[in-house]
């Protein structure tokens, strides 16, 4: 039995291609009082795929997060955070083997924020709420050296997520805790590659006919925790 292996480096998947990476992060914590605490984080990453002729050639990522928590009194506390992330990449494509003749720049921005409160109403009962939002926007810029560009300009890609959680934690006895929770989540995606694209939308091409995973969900849960 024999094996034939054909390898073309310029077409390799980006996760197994040669890569030079420079990355770093900074964490800062500050507590101006016994009640207030502030944390900040910055992360940077730069990736170069300098041995790749056709495919992903570079990828840069910058992210920062600011988080704060505040203890109003012994019974009531709150927290909030805000984050932003930039993910940029460049790739080259080809209509002829091993000769790049079109190039794509991808610019993605992700915003996230959240806040929550926790209230110890009594020795037995704790109440709380948490809200989370995350939204992203992706831009694609295409340039071509060919007189017949492979594709036209792409629309922006957007996603939005809203999540709200309410909970009550009740100490039934020394060994039993009851937790009642309500979760609301709404997720919306605008993706030109699947919006309105059916299995037979392109002549002579059989597509999967998949749809965007947009949804709105409500969930109520009851948990019983027993210690032996």
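Here are the numbers for the structure shown:
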quantity: Mean Cβ count within 10 Å, highest first, over the residues of peptides 75-82, 32-39, 56-63; calculated: 56-63, 75-82, 32-39
quantity: Length added when fully stretched, residue 144-residue 212, from 0.36 nm per residue minus Cα-Cα; calculated: 21.6 nm
quantity: Nearest-0.05 FRET efficiency for residue 108 and residue 153, computed from C-beta distance (R0 22 Å); calculated: 0.85
quantity: Label point at residue 161 placed 7 Å out along Cα→Cβ; residues across the stretch 124-144 whose backbone nitrogen lies under 14 Å; calculated: 131-137
quantity: Distance in nm between pseudo-label sites at residue 226 and residue 137 (7 Å out along the Cβ direction from Cα); calculated: 5.3
quantity: Within the stretch 67-99: backbone nitrogen closer than 15 Å to the residue 115 label point (7 Å, Cα to C-beta); calculated: 67-72, 77-83
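Just so you know, all these numbers are worked out from the coordinates, no wet-lab data involved. As the structure is a prediction and not an experimental result, all values here were calculated from the model. Counting neighbours? That spans all protein chains shown, and the Cβs are built from the backbone with ideal geometry, glycine included.
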